[in-house]
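Q: Sending over a structure as structure tokens; questions will come in a sec.
The values are calculated or read from the model by the stated rules, or taken from the named source; none is laboratory data. Since the structure is predicted, the reported quantities are computational estimates derived from the model, not experimental observations. Using ideal geometry, Cβ is built from the backbone for each residue, glycine included, and neighbour counts are taken over all protein chains shown.
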Amino acid sequence: MIGIFDSGIGGLSVLAAIARSLPTADLTYLADTAHVPYGPRSDAFIQGRVLAIGHHLAEQDCGLIVVACNTATAAAVQMLRAALPHIPVVGVEPGVKPAAKASRSRRIAVLATESTARSERLARLIRDHADGVDVLVEPCPGWATRVESRDLQTPEFVAEVRLKMQRLLDAGADQLVLGCTHYSFLTPLLAPLVAGRAQLVDVAEAVARQAQRLAGASAQGQGRLLLQATARPEQLHASLAGLGLGWLAERCRGEELLARV
Ligand code: DGL
């Protein structure tokens, strides 16, 4: 089984890409909904959650763990790898490398949570992969929470998003990196605002390819999906259709679990 987790529903964008590329793998998705959002939390808090969830998934016999969260990856993926040396762990990092490569204006922007935006890991990613490219790092407080509550059409939020996109486009950014898995679900709002001037960069497919490379025997199963959450697990299943992921519901087996982590 492959275990995939996030603070909430954001990682479902990664789960969907993995489910498409590994149709026979048994998957479990854990949303840490009792503690979402991670973005405003301290590194120590996020590290505690990541280690607890990693051990929980290991106990459920996951042979591969995917940290489907940029914030958790930046704060804790090294620690998780050290804690579970026998299990391959795939993390999610903002697509700075592909964005820098594709940029013609030599200016890109990274949209991320507060925690990811200030992280040393993102600073290193930029140093290593965006040489000669100007990188605007844009914290987006509250955006993941808007996605969680599917509260995307309120005029204040739409105005805030529009203003930020306009500012980044005016600054000359031609690649906008979605550096939080929740932001994949903002694509219908973001794409028309930047059409013709910038591209949105999402790494979900690249993460799925990496999971495919490391899955080994975990790729072979019955193509089932178990959803679990640390609070309100039933809402996870209910959210699939609204996110355009109704097809994933067909892979679900049984009830959603309340994960006591
Ligand atoms: N989905 C997460 C990420 O990729 C975290 C969002 C949050 O909980 O603040 O960064």
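Q: Let me confirm something: among A34, A58, A52, which residue is away from the ligand (no atom under 16 Å from the Cβ) and surrounded by fewer than 22 Cβ atoms within 10 Å (Cβ to Cβ)?
A: After ruling out the rest, the residue left standing is A58.
Q: Also, I was wondering about something else. Tell me, which residue of the stretch 162-191 that is away from the ligand (no atom under 16 Å from the Cβ) and under 19 Å from the mean Cα position of the chain (by Cα) is surrounded by the fewest Cβ atoms within 10 Å (Cβ to Cβ)?
A: Ranking the candidates gives P188 first.
Q: Across the stretch 91-115, what is the number of residues that are crowded, with 24+ Cβ neighbours inside 10 Å, under 18 Å from A208 (Cβ atoms) and not small (G, A, S)?
A: Residues meeting the conditions: 2.
Q: Go over the candidates V158, V137, V194 one by one and state the one that is at pLDDT 95 or above, surrounded by 16 or more Cβ atoms within 10 Å (Cβ to Cβ) and away from the ligand (no atom under 16 Å from the Cβ).
A: One residue alone meets the criteria, V194.
Q: A further question on this structure: Only residues that are of a type in the set (G, A, S) and without any contact (Cβ under 8 Å) to a residue 60 or more places away in the chain: list them for the stretch 120-146, please.
A: Of everything in the stretch 120-146, those that are of a type in the set (G, A, S) and without any contact (Cβ under 8 Å) to a residue 60 or more places away in the chain turn out to be A123, A130, G132, G142.
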